[in-house]
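The values are calculated or read from the model by the stated rules, or taken from the named source; none is laboratory data. Remember, it's a predicted structure, so these values are computed and weren't measured experimentally. We place every Cβ from the backbone using ideal geometry, glycine too, and count neighbours over all the protein chains shown. Just the protein is used for accessible areas: all its heavy atoms, side chains included, with ligands, DNA and RNA removed. Shrake-Rupley method; radii C 1.70, N 1.55, O 1.52, S 1.80 Å.
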Amino acid sequence: MNLSCGLFDLKERLDPSTYQVYKEESGIQDKIFSKLRVIGKTLSGLSTKHRQELIKGLPSSYSTIHILCSLKPEELLNSVRTKNVTPSTTVKGVTQYVRQVKSPHLTTPDGEKGRWGSKHEVMWNVLRPDDVPLEGETLKTLEEDLRRVCKEYGLLLQKTTTEGSLTIRQREWSDYSVFWRGVLEKELTPKWFLEVPEDIKKKFDLKNVDEVRDTPLRQFTGFLIHVDGGREKFWEKHGQTYVAKVCFLMGHTEDAGTRHNLKRRLEQVLGDRKELSIWYNLMIKNSGINPPL
């Protein structure tokens with residue numbers, strides 16, 4: 001955390017050219033450097049006392065903390081105080097919590113998660129004429145009544161807001177990415193990384209397990225090949241890890257071309273290796289998510 005705060009402080013104090021030199025000389029990958037700076041910016045919005053209180057309750061993974069930093073500093077502090085976020089909270093957990101805080105109307109109520117996939121029909125719009133005032137308790141009562149009636153008929157009421165314009169398919173991709181990130185974190189643990197020979201870590205310039213999880217797919221694959229016995233043993237030892245990485249990237253990217261290529265790669269791998277196809281299908285079945293493939 002001190003590093004994150006320091007990076008943000010330097011960003012504020014140094015001129016752009018000097019800061020760029022520092023960034024290049026730090027040896028930290030660009031993506032990770034950017035995440036750390038964002039974390040530092042969020043923490044800087046709190047007093048020293050509150051910052052210390054916050055740090056004690058946060059997860060150790062900087063990728064997990066980075067997701068939380070889309071909240072306001074006071075919202076982040078409240079998440080720790082209310083125990084909605086603890087040191088054991090996963091990427092999936094914080095992503096769901098952030099979505100609940102930022103877009104509560106997008107959180108599916110009453111155990112209906114999993115029912116609302118891309119196959120649905122928009123039946124009506126509710127329109128309010130300009131000369132009909134509707135706010136405060138009246139608006140809240142109307143929403144509760146509409147939600148109750150929709151529930152009786154097995155329907156779902158969603159608000160129309162700027163945030164609500166996020167399509168269901170985009171949310172499905174987000175859930176897909178978060179789920180597979182969690183799988184990836186279980187496959188590649190800090191303990192596993194500590195046992196990797198130092199010369200291999202130096203060769204790939206990877207300093208911790210988060211950097212392994214976040215590194216581009218080609219380097220990710222090469223690193224695992226070097227760690228455990230070469231290409232011959234790769235699929236036996238790291239096939240599930242590779243599939244999890246491809247799925248995470250497929251859900252995480254916003255580029256349609258990249259997603260298409262990753263999807264083709266996934267189909268190829270699952271088509272060539274029956275045991276991985278069975279494993280993938282079981283993971284999806286037990287995940288509770290709607291795969292947007």
Inset, instruction - Report the relative contact order of the range 217-293, percent, no decimals, based on alpha-carbon pairs under 8 angstrom and at least 6 residues apart. - result: 20 percent
Inset, instruction - Would you mind telling me which residue in Val126, Val178, Val196 has the biggest mean-square fluctuation in a Gaussian network model of the chain, where springs connect alpha carbons within a distance under 10 angstrom? - result: Val126
Legend entry - GNM flexibility winner over the chain from His66, His238, His50 (Cα, springs under 10 Å): His50
Inset, instruction - May I ask you to list the aspartates and glutamates whose Cα is less than 17 Å away from that of Lys72, ignoring any residue fewer than eight positions away on the same chain? - result: Glu53, Glu163
Legend entry - Approximate shape of the range 44-100 as ellipsoid semi-axes (Cα gyration tensor, √5λ), whole Å, largest first: 17, 11, 10
Legend entry - Theoretical gain in end-to-end length, Ala256 to Glu236 [0.36 nm per residue, Cα-Cα removed]: 4.1 nm
Inset, instruction - Using Cα pairs closer than 8 Å and at least 6 residues apart in sequence, work out the relative contact order for the range 163-236, in percent. - result: 23 percent
Legend entry - Probe 1.4 Å, protein heavy atoms only - accessible area per residue of the range 31-86 in square angstrom: 48 Å²
Inset, instruction - Take every Cα pair under 8 Å in the chain that's 6+ residues apart, average their separations, divide by the length, and report that relative contact order as a whole percent. - result: 15 percent
Inset, instruction - Report the residue, chosen from Gly257, Gly136, Gly182, that carries the largest GNM mean-square fluctuation when the chain is represented by alpha-carbon nodes joined by springs under 10 Å. - result: Gly136
Inset, instruction - May I ask you to list the lysines whose Cα is less than 22 Å away from that of Lys140, ignoring any residue fewer than eight positions away on the same chain? - result: Lys102, Lys151, Lys159
Legend entry - Reduced Cα scattering model of the range 164-232, Debye log10 I(q)/I(0), q = 0.19, 0.25, 0.27 Å⁻¹: -0.78, -1.13, -1.26
Legend entry - Rg and Dmax [Cα atoms of the range 171-293; Å; Rg one decimal, Dmax integer]: 14.3, 41
Legend entry - List Arg213, Arg273, Arg128, Arg13, ordered by accessible area with a 1.4 Å probe, largest first: Arg13, Arg128, Arg273, Arg213
Legend entry - Within the accessible area of the chain (1.4 Å probe), percent carbon and sulfur: 51 percent
Legend entry - Debye log10 I(q)/I(0) for the range 15-74, one point scatterer per Cα, at q = 0.20, 0.26, 0.30 Å⁻¹: -0.82, -1.07, -1.22
Inset, instruction - Would you mind checking the pairs Lys83/Lys285; Lys92/Lys263; Lys83/Lys201; Lys201/Lys274; Lys207/Lys285; Lys23/Lys201 and listing those with alpha carbons more than 28 angstrom apart? - result: Lys83/Lys285; Lys83/Lys201; Lys201/Lys274; Lys207/Lys285
Legend entry - Under DSSP loop assignment and at most 14 Cβ neighbours within 10 Å, longest GluC sites (Glu not before Pro)-free interval of the chain: 1-111
Inset, instruction - Hey, can you find the accessible area per residue of the range 130-289 for me, probe 1.4 Å, expressed in square angstrom? - result: 61 Å²
Legend entry - Intensity falloff of the chain expressed as log10 I(q)/I(0), Debye formula with alpha-carbon point scatterers, at q = 0.15 Å⁻¹: -1.31
Inset, instruction - Round to the nearest 10 and give me the degree value, 0 to 90, for the angle of helix 91-102's Cα axis relative to the longest principal axis of the chain. - result: 30 degrees
